[in-house]
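Asks: Right, I'll just put the structure down here and ask away after.
The values are calculated or read from the model by the stated rules, or taken from the named source; none is laboratory data. Note that this is a predicted model, so its numbers are computed, not measured. FYI the Cβ positions are ideal-geometry reconstructions off the backbone, even for glycines, and counts take in every protein chain you see. Remember, those area values only see protein heavy atoms, side chains included, never the ligands or the DNA or RNA. Shrake-Rupley method; radii C 1.70, N 1.55, O 1.52, S 1.80 Å.
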Amino acid sequence: MNFNFFNLPFSRNIIQAFSWTLLHSVWQGLIVAVLAGIVLLLTKKVKPVLRYNLLSGLLLMLISVSCFTFWYELDKPANTHDDLVLRDFSGSSKLIEGIGEVRFEVVNQVDKEHFTQLIIHYCSENAAVIVGIWLLVFLMKSARTAAGIYYVQRIRHHGIYHVDEQWKQQVHQLAERLKIRKSILLFESEIVKIPIVTGFLKPMILVPAGFLANLPYSQVEAILLHELAHIRRQDYLVNLFQNFAENVFFFNPAVLWLSKLIKEEREHCCDDLAIGVMQNKNSLVNALVLFQEYKSAGTKHAVAFAGKRNHLLDRIKRIIYNNNKQLDAMEKLFVTASLFTVAALSLAFSNEPIKVLPTSLSSAGKKVELFNPVKTVDVQEVLKDTIPANSEVESSGNSVTTIQVTKNEKRYEIIQKNGEITELKIDGKLIPKDKIESYESEIEPILEEIEEQHEQAEADREEADDAKESANDEMDDAKEAEMDAEEAKIDARNFRYEAEEIRKQAELIKKNAEKFKFEAENFQVTMNENRNNANNIRKQAEVIRKNADVTHLNAEKFREQAVEIKKQAEVIRKQAEKTRAEYEKMQENLIADLIKEDVIKDKNNLSYKLSDNELIVNGVKQPDAVHKKIKAKYLKEANVEMVYNWKGKNGSTTYGIIQAK
């Protein structure tokens, strides 16, 4: 009996499903790579722990999607992928029976459009080969991983030495500061060259022999805190999971790159934990510089302190400048290539399978058409149906304004054309044109109130514009004051130089006077006068110097005032930015609540108006329960409404006003 496991039906299904899972993981990984690139671009200033969680979440999402893909493919029949190509040719024999002539109409484009189906057919036919190659490489990498784990376990028990009791106590104290409840072992090793952490249930820190005695205490403390941070975060277990994912998806560049990013952010997280306890960056930076020449060969499956040289330099720069890692040139190229590849694949596989069927069958002079005629759609009719019924229209110079307002527990819908009411609805009931005049006494106060509110809104807008212009003027004045202060400072410096020159001249005159005194007695009187003159000049120079000092002080005051004005202008600008950001956040939250309430599916082509009396989304008035819930959360003031893409407006406006364009 010849038994072949690969020919069993269930084994063929498993191999097919696993093969397609591996193939699908490539384009799925490219999508995740693009998302990872976006995460790195949008998180330039955030804490590393957030980037670490986001990147880890992407890796976990990719693995989850691959598991779902395997389950989905396993649930399919084994020949599903073959049917994509062959089903159009099968099942046609019954149609052809008894018919004399069959005519096929095939164009050159069919080969191109069937190219993707041919690839699918090829991969399906060679699923066993794909899985076999994957299994061979996976076993090799798994053997290497097992050897690495064995090496880590070996260095835990060979060539290690106990450290002094004071260092054990120090590790215990540092662990308490990091709120670690486990018992941490510390040993010196003659095998390792850099500090590493091994073990999960019984974590152990191994440091090179002589490490504790030859380094300054502050650097030793920084390194131990970094390793303890790995233990607190349980990075050893996460690292093993990453190694397993790398072995499974060894062919997937997106998984390998994402895993590399996670490892880098993990080190940044531990660096921040260590700095947070020490409150001193210099010790950790010095320790990183000390170990940057070491390699972590043989300790891939432990959590090592040093790592690669370039990554160490990036860690040092991040610690000093508080800037997270950015995409380098190769990473930008990879993300861009991933984006274009995903787009190309989506276009290639988005078309339905091309059916190559006979266009007609003929027999005994009879012709049978196999295709139904295609129904055409009038594009203009489709576009016509998408135009909102209550939209504002301008044509031939005529302005049409639609006003919807609730007043005195009545819902009014008023349409004005060139200021004249042409249509009126009250509570949804259309009022005949000949009876509209009888409602003028009821409608006129509403129109007047709306006009007043409109004028008040315009006044508020003008006041805001004036405030903005005033702030800009103050900023310009501050800049001018700063320039004046700088000029005054330059003038004071020039005065000081002139005073110094006068003082030197006075000293020279004094020396000459003394010289003349010793040379001739008959010039005594003249020399005394010269000396008095020199003293007067010195006094004048002193006065000039004092004046220069006063000018310098005034210049400093002007500069300080200019700096203060600049700070005030910056506060005003930041407040305005904060207000805008808060409103945009509130608007996004409102849209999220609409999605949550199942009012909308997404924000595409979304428009809404939220007021005290109603909530209209995409032209549909929502139930009172939804309106009250949204209103209680987002309308904090009376007579205010929020609009989004409502008649070309966004933001918060005065209630009841919808101004025609």
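Asks: I'm trying to understand the selection: among the residues of segment 12-27, which are free of Cβ contacts under 8 Å to residues at least 60 places away in the same chain and touching a His at 6+ places or on another chain (Cβ under 9 Å)? So that I can check it myself, show each step before the final result.
Replies: Just the residues of segment 12-27 that are free of Cβ contacts under 8 Å to residues at least 60 places away in the same chain, to begin with: 17, 21, 24.
Of everything in segment 12-27, nothing turns out to be free of Cβ contacts under 8 Å to residues at least 60 places away in the same chain and touching a His at 6+ places or on another chain (Cβ under 9 Å).
Asks: Here's something else I'd like to know. Return yes when I354 is more than 29 Å from V26 (Cβ to Cβ) and either assigned to a helix (DSSP H, G or I) or at pLDDT below 85 (or both) and no when it is not. Walk me through it before giving the result.
Replies: On the way: more than 29 Å from V26 (Cβ to Cβ): no; either assigned to a helix (DSSP H, G or I) or at pLDDT below 85 (or both): yes.
Here the answer is no, as I354 does not meet what is asked.
Asks: If you don't mind, another one. Inspect all residues belonging to segment 195-216 and state whether any of them is farther than 25 Å from S283 by Cα and of a type in the set (V, I, T). Steps first, please.
Replies: Here is the first cut: in segment 195-216, the ones farther than 25 Å from S283 by Cα are 199-202.
From the residues that got through so far, the ones that are of a type in the set (V, I, T) too are none.
The answer is no, given that none of the residues of segment 195-216 is farther than 25 Å from S283 by Cα and of a type in the set (V, I, T).
Asks: Which residue out of I275, I205, I223, I262 is part of a strand (DSSP E or B) and open to solvent by less than 50 Å² (accessible area, probe 1.4 Å)? Even if it seems obvious, please write down each step before you answer.
Replies: On the way: I275 fails: part of a strand (DSSP E or B); I223 fails: part of a strand (DSSP E or B); I262 fails: part of a strand (DSSP E or B).
Of I275, I205, I223, I262, the one residue that is part of a strand (DSSP E or B) and open to solvent by less than 50 Å² (accessible area, probe 1.4 Å) is I205.
Asks: Among the numbered criteria (1) modelled with pLDDT under 80; (2) among the hydroxyl-bearing types (S, T, Y); (3) more than 21 Å from V49 (Cα to Cα), which single criterion is violated by T336?
Replies: The failed condition is (1).
Asks: Also, quick follow-up: Among the residues of segment 592-633, which ones are β-branched (V, I, T), more than 24 Å from K410 (Cβ to Cβ) and part of a helix (DSSP H, G or I)?
Replies: Correct list: I595 only.
Asks: What tally of residues in segment 157-186 results from selecting those that are out of contact with any helix residue (DSSP H, G or I) (no Cβ under 8 Å at 6 or more places or on another chain) and crowded, with 18+ Cβ neighbours inside 10 Å? Steps first, answer last, please.
Replies: First, the residues of segment 157-186 that are out of contact with any helix residue (DSSP H, G or I) (no Cβ under 8 Å at 6 or more places or on another chain): 157-162, 165-166, 168-169, 172-173, 176, 181, 183, 185.
Now restrict to residues that are crowded, with 18+ Cβ neighbours inside 10 Å: 160, 185.
Selection size over segment 157-186: 2.
Asks: For N613, indicate whether it is without any contact (Cβ under 8 Å) to a residue 60 or more places away in the chain and either surrounded by fewer than 12 Cβ atoms within 10 Å (Cβ to Cβ) or not charged (D, E, K, R) (or both).
Replies: On the way: without any contact (Cβ under 8 Å) to a residue 60 or more places away in the chain: no; either surrounded by fewer than 12 Cβ atoms within 10 Å (Cβ to Cβ) or not charged (D, E, K, R) (or both): yes.
No.
Asks: Considering (1) surrounded by 13 or more Cβ atoms within 10 Å (Cβ to Cβ); (2) outside any helix (DSSP H, G or I), say which one K636 fails and leave the rest.
Replies: Just one mismatch for K636, condition (1).
Asks: For the condition modelled with pLDDT under 80, out of contact with any Pro (no Cβ under 8 Å at 6 or more places or on another chain) and open to solvent by 90 Å² or more (accessible area, probe 1.4 Å), what is the one hit in Q575, Q540, Q561? Give the steps one after another, and end with the answer.
Replies: Values: Q575 fails: modelled with pLDDT under 80; Q561 fails: modelled with pLDDT under 80.
On inspection, the qualifying residue turns out to be Q540.
Asks: Looking at (1) farther than 25 Å from K263 by Cα; (2) polar (S, T, N, Q); (3) over 38 Å from the mean Cα position of the chain (by Cα), can you tell me which one Q153 breaks?
Replies: Every listed condition holds for Q153 apart from (1).
Asks: Also, I was wondering about something else. If you check G148, G132, which single one turns out to be open to solvent by less than 20 Å² (accessible area, probe 1.4 Å) and closer than 30 Å to L23 by Cβ?
Replies: So the residue among G148, G132 that is open to solvent by less than 20 Å² (accessible area, probe 1.4 Å) and closer than 30 Å to L23 by Cβ is G148.
Asks: Assess whether A569 counts as being at pLDDT below 85 and either in contact with a Leu (Cβ under 8 Å, 6 or more places away or on another chain) or part of a loop (DSSP other than H, G, I, E, B) (or both).
Replies: Numbers: at pLDDT below 85: yes; either in contact with a Leu (Cβ under 8 Å, 6 or more places away or on another chain) or part of a loop (DSSP other than H, G, I, E, B) (or both): no.
So A569 does not fit the description; no.
Asks: Looking only at segment 433-444, decide whether some residue is within 24 Å of L610 (Cα to Cα) and either of a type in the set (D, E, K, R) or at pLDDT below 80 (or both).
Replies: no
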